[in-house]
1. So how far, in whole Å, is the C-alpha centre of region 51-95 from the one of region 167-226?
2. How much space per residue, in cubic angstrom, does the convex hull of the C-alpha atoms of the chain take up?
3. Can you compute the equivalent ellipsoid semi-axes for region 108-158, i.e. the square root of 5 times each eigenvalue of the Cα gyration tensor, sorted largest first and rounded to whole Å?
4. Can you grab the distance from the C-alpha centre of region 115-136 to the C-alpha centre of region 20-49, Å, no decimals?
5. How large is Rg/Rh for region 1-57, to two decimals, with Cα atoms and a Kirkwood Rh?
6. Once neighbouring chains are kept in place and the probe is 1.4 Å, which whole percent of the accessible area of the chain is contributed by carbon and sulfur?
7. Let me cross-check Trp38: its accessible surface, 1.4 Å probe, with only protein heavy atoms counted, in Å² to the nearest 10?
8. By how many nm would the segment from Glu81 to Leu139 lengthen if fully extended, with 0.36 nm per residue of separation less the alpha-carbon distance?
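The values are calculated or read from the model by the stated rules, or taken from the named source; none is laboratory data. Model, not experiment: these values are computed from the prediction. Glycine also receives a Cβ, built like all others from the backbone with ideal geometry; neighbour counts cover every protein chain displayed. Surface accessibility is based on the protein's heavy atoms, side chains included, excluding ligands, DNA and RNA. Shrake-Rupley method; radii C 1.70, N 1.55, O 1.52, S 1.80 Å.
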Amino acid sequence: MSRMCSMVLEEVHRSILALLRQIASLDRVSSLLDVGCWDGSTTLEYSRATGGARAFGIEVFVDPAAQAVQRGVSVATMDLERDRFPWADQTMDLVVCNQVFEHLKNVWLPMSEIARVLRVGGHLVFSVPNLASLHNRALLAVGVQPTSIRTFGPHVRGFTLGQTRAFLCEGGVFRIRRVSAAGFYPLPAEWARAVAAAFPGTAHTSILWVQKIEHRSEWPWAAYANVRGATKWADAGA
């Protein structure tokens, strides 16, 4: 299963790079933020795909963040669930958030911060594992925990494709530009591409390209967190 997962993640990476090239062909991309940049190697690939955008990153782990800095990425070492992003409003042309939000309990703060730092017209490429993938449905049908969210595992949130769309489009800040998918267990990558494209709601990973259409002083995700009392950050009136 780990080998299959690695193959899917490679396919996700390939798909994201293709999206970034398309975005750069349609719009200026001079600044790029990689949320969860690790050691910066992938961040630099993203930058090259956009024609050399200045690379920024966020990383919670100190050692890989230091490696990213050595590679030339401007990195903020911070906790996504607790900290505000250190950049001013509308300073980023493009944000990539790949395989991050399934690891977070507080998704409201980082989503609000992504919206804040993106300029109007800027782009977000967002990917998460699909809880409703065909293999997860099959596992649940026989009483087995789905692979995308396990008690003994790093994922704490599950996203179906429909829920991901609803989450990103909450309040009308973003509009969908493209919905795509990658991976389809147990098919090999070259066969899975066509099946995932035809049936994205049952593919392994959802990949969405959305564009910011409005800037606000308050964000719908923060409003939801306030109503639910979901975070200390929300209770503080941020």
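1. Computed from Cα coordinates, the inter-centre distance equals 22 Å.
2. Working: hull volume 30.4 nm³, N = 238.
About 128 Å³ per residue, rounded to a whole number.
3. 32, 13, 6
4. For region 115-136 versus region 20-49, the Cα centre distance is 15 Å.
5. Working: Rg = 12.2 Å, Rh = 11.9 Å.
Rounded to two decimals, Rg/Rh equals 1.03.
6. Values: 6010 of 11100 Å².
Accessible surface attributable to carbon and sulfur in the chain totals 54 percent.
7. Rounded to the nearest 10, that gives 130 Å².
8. Numbers: separation 58, 0.36 × 58 = 20.88 nm, distance 3.04 nm.
Using 0.36 nm per residue and subtracting the Cα-Cα distance, I get 17.8 nm.
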